[in-house]
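Everything below concerns the one structure shown next.
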Amino acid sequence: MEFFDPITYAVPFFIILMIVEGVALKLRGIDGYEVKDTFFSLAMGIGSLIAGIALGTSMSYAAHSWIYGYRLIETIPINWWTILICFVLYDLAYYWKHRFGHEYRWFWASHVNHHSSQRYNLSTALRQTWTGTITLTFIFGLPIALLGFQPEMIFFVAAWNLLYQFWIHTELVDRMGPFEWIFNTPSHHRVHHATNPRYLDSNYAGTLIIWDRMFGTFSPEVAEDPPRYGIGKNLETNNLLIVAFHEWIAMVKDLKTARSLRDVLGYMFRTPGWTPDNSRMTTKKAKANWKRKQAVKTAELEGLDEQKVQEPAE
């Protein structure tokens, strides 16, 4: 099977759709695009493409091919239903790759680039990492090759999975009814990009939102709490290299302060924000704090309601 990459042919459509989205936002009186932010998104996308051509694709393909040599099923035919099965399996693998990208700093150092924009538009979809190969994120797809799916088929469905995710990076599309029960949508993905405590660590899906529903990471968008975008400490820089490597730089700075092997491993592989003295805020802490505050508010409201019921009518 020869690998066909649909993303190569989709690039002109990306540009056209971004222009259409920008015009539509302007007509609605929404300032959805900003020059510097869009430049960084496009530059990160181009850099990611170059990094993939230079090293990433070849290393990933070599690893998948090696694992495929030890496949459990000797021959899996190439037809619509095996491609569909491969797509679903890859989407499950993507869920865990994406989740690890948020829960473990080694992977977050690469993935954080995608979340660094404070805007949410189609150009944000192109803000991709340059260092995915360094973090070895391709390992999440290796079990599919071990089952017996050809590397070319895995790369094919991975490309379509990534292509699907382009259109969900927009604020123009509202809720989509029953479609949202199964598939990832702009509403679901806005939640994922949000920094609101309610939404943290949610909606890691690529194409199918069912994985988040199954593994307890689903969170719906709430109209009363519109998403705010960016990262914990937003970047204020005109330096593209800082945008691309800021978390790696921060990790190196932390490693210089490490006093033990535990500190070294913690700074590299524990949750982003981890410190030996537990002094920094992590997403889990922020979400737990928010939940406690919500519980207190709910209890207070219930107490007021109960008090009103007990008060005698005049």
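The values are calculated or read from the model by the stated rules, or taken from the named source; none is laboratory data. As the structure is a computational prediction, the values presented were derived from the model and not from experiment. Because the Cβ atoms are built from the backbone with ideal geometry, glycine has one as well, and the counts that use them run over all protein chains shown.
Answer with yes or no whether V173 is touching a residue at least 60 places away in the same chain (Cβ under 8 Å) and of a type outside the set (F, W, Y). Spelling it out, it is not the case that V173 is touching a residue at least 60 places away in the same chain (Cβ under 8 Å) and of a type outside the set (F, W, Y).
Residues in the stretch 221-238 that are without any contact (Cβ under 8 Å) to a residue 60 or more places away in the chain, closer than 16 Å to V112 by Cα and not basic (K, R): 3 in all. Taking the listed residues P197, P151, P227, the one that is under 23 Å from I30 (Cβ atoms) and either surrounded by 17 or more Cβ atoms within 10 Å (Cβ to Cβ) or not hydrophobic (A, V, I, L, M, F, W, C) (or both) is P227, with no other qualifying. Here I46 meets the list (1) part of a loop (DSSP other than H, G, I, E, B); (2) out of contact with any Gly (no Cβ under 7 Å at 6 or more places or on another chain) almost entirely, failing just condition (1).
Filter the stretch 154-166 for residues that are of a type outside the set (F, W, Y) and either surrounded by fewer than 17 Cβ atoms within 10 Å (Cβ to Cβ) or within 14 Å of F14 (Cα to Cα) (or both) and give the result. Reasoning before the result, please.
Filtering the stretch 154-166 down to residues of a type outside the set (F, W, Y) leaves 154, 157-159, 161-163, 165.
Passing the criteria: L162, L163, Q165.
Any residue at all in the stretch 12-30 that's among the small types (G, A, S), within 27 Å of W211 (Cβ to Cβ) and in a helix (DSSP H, G or I)? No, there is no match, as no residue in the stretch 12-30 is among the small types (G, A, S), within 27 Å of W211 (Cβ to Cβ) and in a helix (DSSP H, G or I).
With respect to the stated conditions, L92 fails to be more than 28 Å from W167 (Cβ to Cβ), touching a residue at least 40 places away in the same chain (Cβ under 8 Å) and hydrophobic (A, V, I, L, M, F, W, C). Could you tell me whether any residue of the stretch 57-73 is assigned to a helix (DSSP H, G or I), among the aromatic types (F, W, Y) and surrounded by 15 or more Cβ atoms within 10 Å (Cβ to Cβ)? Within the stretch 57-73, one or more residues are assigned to a helix (DSSP H, G or I), among the aromatic types (F, W, Y) and surrounded by 15 or more Cβ atoms within 10 Å (Cβ to Cβ). As a summary of the residue check, A205 satisfies the conditions (1) farther than 25 Å from W290 by Cβ; (2) in a loop (DSSP other than H, G, I, E, B); (3) among the small types (G, A, S) except for the one numbered (1). Quick one: G232 ticks every box in (1) in a helix (DSSP H, G or I); (2) surrounded by 13 or more Cβ atoms within 10 Å (Cβ to Cβ); (3) outside the structural domain of H98 (by TED's automatic domain parsing) bar one, so which box is it? All conditions are met except number (1).
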